[in-house]
């Protein structure tokens, strides 16, 4: 038996360490993709607390109907308390049936209360405490890569994201957005010219002026909150390519998807949020198919966002910046088909500051628990990734 065979034989039985890093066959084979929904998606309408009467009262125009097999726009039953958005019926719901996805409600940053897209995105990507000075040259996925042997990280972003900044050399490749407005400026001019000599001329021109004013007023913040992230439609079209790259070349990936800052006309079972979520779901399903059944069994996908949104809808039939969110954990080897983590009854008395989901599962504790089981990391390894954090046992892997 040569040295290579000896190492493989021992690695298949027990974890080894080389220069303080974990060496284990499962760690080498495991793949991790983190999907960051920039802009703060409305988790309460995607994994909805349908058994809560307060949910339906707090969202008179936005709430999802309780699960009903005869209603295609009703929530899809997850358990007695929770329902999934119907836009995910053909993409994510089959993974739930196969127990390949779990949802973690009341998740987020326990110590960042700013409700600022930029502050909280930075907080999550750094994985450091918010008190005192922070090292912006050290993202938590870069620190994870440093603790693993044979890690092959990649960021599917135009610029190297904060989460991968650090000592580890990480390539990045951009995924361009392909979304287009329904009527562009050239088409708008043609339509106005068509009605120029009619009685509707002033109404048509005023209609386009109002459209442009509204678009500018709501798009500037969303564009900034996206930080150059790919659109959900762009992710849908590119997810299979990401799957091929993760299957053949890389085992540690990150992608961000923008378009989730829904202050105005968010929609319920149909509408803006439903369309974007449908694109995201199809992209994730395509990724799982492209990566292949064998590799999917050793792959974990975690979907996160910087925070949730206000539990009550606002006056513009949208939602504003909140606190707690719902995370997704997917994979062929996941112990899924469950709602995991600490939970509370959703009612007015349990809202955080009388407006948002509370955070009961801190994102660092959740990731630390995943890393512990996925890679066999020990306490010393985990402390170098998330200082002072105790891993949370959610039984996901």
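Computed from the coordinates by the stated procedures, all read-outs in this text should not be read as laboratory data. Keep in mind the model is a prediction, meaning the values are calculated, not measured. Cβ atoms come from the backbone with ideal geometry, glycine included; neighbour counts cover every protein chain shown.
Could you calculate the contour length gain from residue 169 to residue 380, that is, 0.36 nm times the residue separation minus the distance between their Cα atoms, to one decimal place in nm? Show your work: numbers first, answer last.
Details: separation 211, 0.36 × 211 = 75.96 nm, distance 2.23 nm.
Gain in length upon complete extension: 73.7 nm.
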Protection-proxy order for peptides 37-43, 360-366, each taking the mean of Cβ atoms within 10 Å per residue, highest first: 37-43, 360-366
Once the piece of chain linking residue 248 and residue 314 is laid out straight, how much longer is it, given 0.36 nm per residue of separation minus the C-alpha distance between them? 19.2 nm
Name all residues of region 372-391 having a backbone nitrogen under 15 Å from the label point set 7 Å from the Cα of residue 149 along its Cα→Cβ direction, giving them as ranges. 375-378
Return the whole-Å distance between the Cα centroid of region 27-72 and the Cα centroid of region 305-327. 11 Å
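Going by average Cβ neighbours within 10 Å, how do the peptides 245-256, 279-290, 378-389 rank, with the highest at the top? Please report the intermediate quantities before stating the final value.
On the way: 245-256: 19.9, 279-290: 22.6, 378-389: 15.8.
So the order, starting with the most tightly packed, is 279-290, 245-256, 378-389.
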State whether region 229-352 is rounded, prolate or oblate according to the following rule on the C-alpha gyration tensor (a ≥ b ≥ c being the square roots of its eigenvalues): a/c under 1.5 gives rounded; otherwise a/b larger than b/c gives prolate, and the remaining case gives oblate. oblate
Kindly list the residues of region 344-374 that lie in the label zone of residue 53, defined by a backbone N under 20 Å from the point 7 Å along the Cα-to-C-beta vector. 344-351
Rounded to the nearest 0.05, what FRET efficiency is calculated for residue 275 and residue 97 with R0 set to 30 Å and r the Cβ-Cβ distance? 0.80
So if we plug the beta-carbon distance of residue 197 and residue 71 into 1/(1 + (r/R0)^6) with R0 = 56 Å, what FRET efficiency do we get, rounded to 0.05? 0.75
